[in-house]
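The values are calculated or read from the model by the stated rules, or taken from the named source; none is laboratory data. Remember, predicted model here, so these are calculated numbers, not experimental data. Counting neighbours? That spans all protein chains shown, and the Cβs are built from the backbone with ideal geometry, glycine included.
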Amino acid sequence: MFDDFFIRALIAGLGIALVTGPLGCFVVWRRLSYFGDTLAHSALLGVTLAYSFELNIALSVFIISSLIALILIQLQKKTNLPGDALLGLLAHSSLAVGLVVIGFLTFIRFDIMGLLFGDILAVTTDDLLIIWTGGAVILLVLKLIWKPLFASTVNYELAEAEGLNPDRAKAIFTILMAAVIAISIKMVGLLLITGMLIIPAAMARNISDSPQKMVLFSIIGGLLSVLLGLFSSLEFNTSSGPSIIMASLILFILSLLNIKQSIKLKN
Amino acid sequence: MSSENSTLVKLNNAGFKQNDKWLVEGVSLTVEKGKIVTLIGPNGSGKSTTAKIALGIYRNIEGSVEKYTNKVGYVPQKISIDWTLPLRVYDFMLLTENIKDEAIDEALNLTGVIHLKNKNLGNLSGGEFQRVLIARAISKKPELLVLDEPVQGVDYTGEIALYELIKRISDTLNCGILLISHDLHTVMTATDHVVCLNGHVCCSGSPMDVAKNNEYKTLFGEQASQILSVYEHKHDHVHSDKGEIKKN
């Protein structure tokens, strides 16, 4: 049962969950789920470029996602369109461009399903290295910008007035988002990465009364989702991404029950 | 030279324009250590804007701001906190700086909300939240305090106590305070310097100078000037420790 590929997938998945936990909390707090989606959709373009120019997938996805984030910031400054329209515009056009480019790459056989929904067979030892070193760097940087990022999430003007430089923290956070998508795309798939960010964090919100607890529970929820998801993926021969997301959904539902119970207990 | 060193923030002919409309222009003022500068003026006269210029929140301003301190405590007028965040009063106290537990307790004690320390911020009443905001700003032991309508929603007795607290803080911490207040009575009794705004500086000076100013009278009405006469009257006697009244 414990084939090599499965161990690799497990190590990769747990590494990803450690990073998506805290980052996901900020996605929920700052209402960035559609932003995450947009970056993830643009990742397809990154993958196709990686195949075209024989680049590392994670690196290429990181570059394209960062680029899309930059374009978004510029469009927000220069147009009067609402944020969600701009996000939709970028998400779907980059997805479309990615799919068209795939059409041209007839010499490569693409596993589209694997790209969209994740493929545990695809995780190599190199990927593990990228996930764990990349993940460690992401967490370290997040720890460094935690104070200004969190303060400006609570209230931008307070953070700015008291000298925390929230704009810089926000810019760095955007890059971290691109990075986490880059390292998790193979495992979770580009359609489901945002779920990996949001659902454990949402579950954690239901059972937390402080930001630190929410981050902790979000990490634990992510780790459990990966374990449950990957074992069931192996058992039922399902794609890894949907299996992990379903596991996190189950945890989310359990966290709702917990709320009802605690209310009952209080009464 | 000594006055140069005690300057915390200085606005030189500062102004801010949004959507081609001046929110405020031509404001010059200086906040020094141990001094309370109060901004008064009708709604929309640019009081909060002036405070935000002084804090460096607005970037593209006319004129200039010289800020000589980074230890700033700010109580904004409006604060919208997203309640999707699980945030206790305690977490909020640590928002912009890591403060020792004793300092947190002390500040919460001073503003009378120590019992709310572990409560969720979203469950506080308006007045309670305002007290937490003030506690957070003073717990940092800032050199510059910017208080934008700090006692809004606080009950009347609490209001007086909080203004006394603010005055005491300016003395004990020797910090400079930029205060925005609607309460003319407080302004006139506890302030070193008053700046009266109405899109620009109408008049400024000591509370007495301002109250005598004609532009101030047209802005606030004759009655507002009366407040000062009450205040002046109050000061032709002093209270001894035993509560006896002694004429000067």
## Note on the structure
When segment A:209-262 is checked residue by residue, the ones that are in contact with a helix residue (DSSP H, G or I) (Cβ under 7 Å, 6 or more places away or on another chain), of a type in the set (A, V, I, L, M) and under 29 Å from A:ALA151 (Cβ atoms) are A:MET214, A:VAL215, A:ILE219, A:LEU223, A:ILE259
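Quick check on segment A:207-222: of everything there that is crowded, with 17+ Cβ neighbours inside 10 Å and part of a helix (DSSP H, G or I), which residue is farthest from the other protein chains (Cβ to nearest Cβ)?
Within segment A:207-222, the first condition is being crowded, with 17+ Cβ neighbours inside 10 Å, and the residues that meet it are A:207-208, A:211, A:214-215, A:217-219, A:221-222.
Those still in the list that are part of a helix (DSSP H, G or I) too: A:211, A:214-215, A:217-219, A:221-222.
Working: A:PRO211: 6, A:MET214: 5, A:VAL215: 10, A:PHE217: 10, A:SER218: 11, A:ILE219: 15, A:GLY221: 15, A:GLY222: 18 Å.
Residue satisfying both the conditions and the ranking: A:GLY222.
Quick check on B:VAL132: is it under 16 Å from the mean Cα position of the chain (by Cα), under 22 Å from A:PRO148 (Cα atoms), assigned to a helix (DSSP H, G or I) and within 14 Å of chain A (Cβ to nearest Cβ)?
On the way: under 16 Å from the mean Cα position of the chain (by Cα): yes; under 22 Å from A:PRO148 (Cα atoms): yes; assigned to a helix (DSSP H, G or I): yes; within 14 Å of chain A (Cβ to nearest Cβ): yes.
Yes; evaluated as a whole, the condition is true for this residue.
Would it be correct to say that A:ILE7 is more than 26 Å from A:SER248 (Cα to Cα) and without any contact (Cβ under 8 Å) to a residue 60 or more places away in the chain?
no
Please work out which residue is nearest to the other protein chains (Cβ to nearest Cβ), limiting yourself to segment A:161-206 and to residues that are within 30 Å of A:LEU128 (Cβ to Cβ) and assigned to a loop (DSSP other than H, G, I, E, B). Quick ask: steps written out before the conclusion?
Applying the first criterion (within 30 Å of A:LEU128 (Cβ to Cβ)) to segment A:161-206 yields A:169, A:171-204.
Subsequent filtering for residues that are assigned to a loop (DSSP other than H, G, I, E, B) retains A:189-192.
Numbers: A:GLY189: 27, A:LEU190: 26, A:LEU191: 24, A:LEU192: 22 Å.
Here the residue is A:LEU192.
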### Task
Can you give me the number of residues within segment B:135-159 that are at pLDDT below 90 and part of a strand (DSSP E or B)?
0
### Task
Give, as residue ranges, the strands (runs of 3 or more DSSP E) completely inside segment B:1-113 that count at least 1 residues that are surrounded by fewer than 22 Cβ atoms within 10 Å (Cβ to Cβ) and at positive phi.
B:7-18, B:21-32, B:61-67
